[in-house]
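Notes for the one structure printed next.
The values are calculated or read from the model by the stated rules, or taken from the named source; none is laboratory data. Remember, it's a predicted structure, so these values are computed and weren't measured experimentally. A quick note on method: Cβ atoms are made from the backbone with ideal geometry, for glycine too, and the neighbour counts reach across all protein chains shown.
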Amino acid sequence: MAYETLKQEIIEYSKSIGVDKIGFAPANEFAELKSKLKLQEDSGFKSGFEKGSIAERTEPARLMSEAQSIIAIAIAYPSRLKNAPKSVKGDRRGLFCRASWGKDYHHVLREKLELLGTFIKEKVEGFDYKPMVDTGELSDRAVAERAGIGFSGKNCAIITPEFGSYVYLGEMITNIPFPSDQPVDDGCGECTKCIDNCPTGALVEGGRLNAQKCIAFLTQTKGFLDDEYRGIIGNQLYGFDTCQVVCPKNKHVDFHLHAELEPDPELVKPKLIPLLSMSNREFKEKFGDMAGSWRGKKPIQRNAIIALAHYKEISAVADLIRVMQKDPRPVIRGTAAWALGKIGTREAFDAIKVAREIELDEEVIIEMEKGLNFQYVSN
């Protein structure tokens, strides 16, 4: 079979299963990416979530010995929340970033890739492929860029001509030498809005990210959040997308093409106080289908506590006192103590002092001292 003909058939089939963009790239080494990853590693800018060695992340043949080409796909997701509930005094809400709206995109894209793989298998004897979405060794962004899905923006996202950067990416390495597509020309030009609006300076330069300072990364960590970031995180429970929101390429971009990716307003803007007492089972039942649940409830609860402190939500004091007194996890207990001091009522300060007398964990005690150092405000 002529590979160009097969390629066109795959493109047509991809449209029928809800793939918004598809591109084809050679499976040769990503040499430029290799040097960039080495620089990231040497600079201490890695997140720690990366899978595989630098060689595995840049040499497709290490992942599949007969690798000849890579098929990249993209699916657009919404950027605006319809019927968003209000976050008001006494009933504050947190926020999941747009990339966590709707059904977990890992599952959605894997399903599309498996359908594509099955389709090709039925046409080509001996066809083999290796699919991956986000958690694989390959850089989804580097593959998408090479395959002509979009260009790599200064905000470290793939920006497509049609959907801006609001796209999920996935790919499959194949043993078929498909004709390659042409990369998209860079479209950022002199614009630096994403860099200028990054609140922590995580975008150290166009296209280069210090993951250790990125709010999106920090919301997913499980330990104590450094003091310098607690005032910046606001009400973010998971992820952060200011670098996409300010991008001119995303102006007026809002696509609602896939029912499974439509956000549930009560899930993506949940009430904060109920999160504090949620069991593992309740968390999984409520948020388990979202991408933002992958690290479990602990980071979400920690961030919810910080959000309540951000709002200085007096109605949460009783719940935070209970968390400080009874939660078995030092990070949650200590963050609650800090938040109580930040809110600053007499009841909060008195509770910290009492709990301080019986607390044994040194890190929690440090957080209690921080809480007690805040200025008292009247109830």
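Computed values, structure above
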quantity: Count of residues meeting criterion [surrounded by 17 or more Cβ atoms within 10 Å (Cβ to Cβ), touching a strand residue (DSSP E or B) at 6+ places or on another chain (Cβ under 6 Å) and free of Cβ contacts under 8 Å to residues at least 40 places away in the same chain] in the range 169-194; calculated: 1
quantity: Residues of the range 268-317 satisfying the condition of being farther than 28 Å from Tyr77 by Cα, aliphatic (A, V, I, L, M) and surrounded by fewer than 22 Cβ atoms within 10 Å (Cβ to Cβ); calculated: Ile273, Leu276, Met278, Ile314, Val317
quantity: The range 1-19, subset small (Gly, Ala, Ser) and under 19 Å from Glu260 (Cβ atoms), residue surrounded by the fewest Cβ atoms within 10 Å (Cβ to Cβ); calculated: Ser16
quantity: Only listed residue being at pLDDT below 95 and either among the acidic types (Asp, Glu) or not in a loop (DSSP other than H, G, I, E, B) (or both), chosen from Glu12, Glu50; calculated: Glu50
quantity: Boolean, Leu109 is in contact (Cβ under 8 Å) with a residue 12 or more places away in the chain, in a loop (DSSP other than H, G, I, E, B) and surrounded by 21 or more Cβ atoms within 10 Å (Cβ to Cβ); calculated: no
quantity: Selection count where residues are over 20 Å from Glu29 (Cβ atoms) and touching a Gly at 6+ places or on another chain (Cβ under 8 Å), scope the range 159-187; calculated: 7
quantity: Matching option when the condition is surrounded by 18 or more Cβ atoms within 10 Å (Cβ to Cβ), in contact with a Leu (Cβ under 7 Å, 6 or more places away or on another chain) and within 20 Å of Ile158 (Cβ to Cβ), among Ala211, Ala202, Ala216; calculated: Ala202
quantity: Residue among Lys286, Lys222, Lys298, Lys249 that is outside any loop (DSSP other than H, G, I, E, B), modelled with pLDDT of 95 or more and within 17 Å of the chain's Cα centre (by Cα); calculated: Lys298
quantity: Members of the range 235-267 that are surrounded by fewer than 17 Cβ atoms within 10 Å (Cβ to Cβ) and charged (D, E, K, R); calculated: Lys251, Asp254, Glu260, Glu262, Asp264, Glu266
quantity: Test: Lys249 is touching a Pro at 6+ places or on another chain (Cβ under 9 Å), outside the structural domain of Thr160 (by TED's automatic domain parsing) and at negative phi; calculated: yes
quantity: Test: residue in the range 225-237 that is over 30 Å from Gln8 (Cα atoms), over 19 Å from the mean Cα position of the chain (by Cα) and part of a loop (DSSP other than H, G, I, E, B); calculated: yes
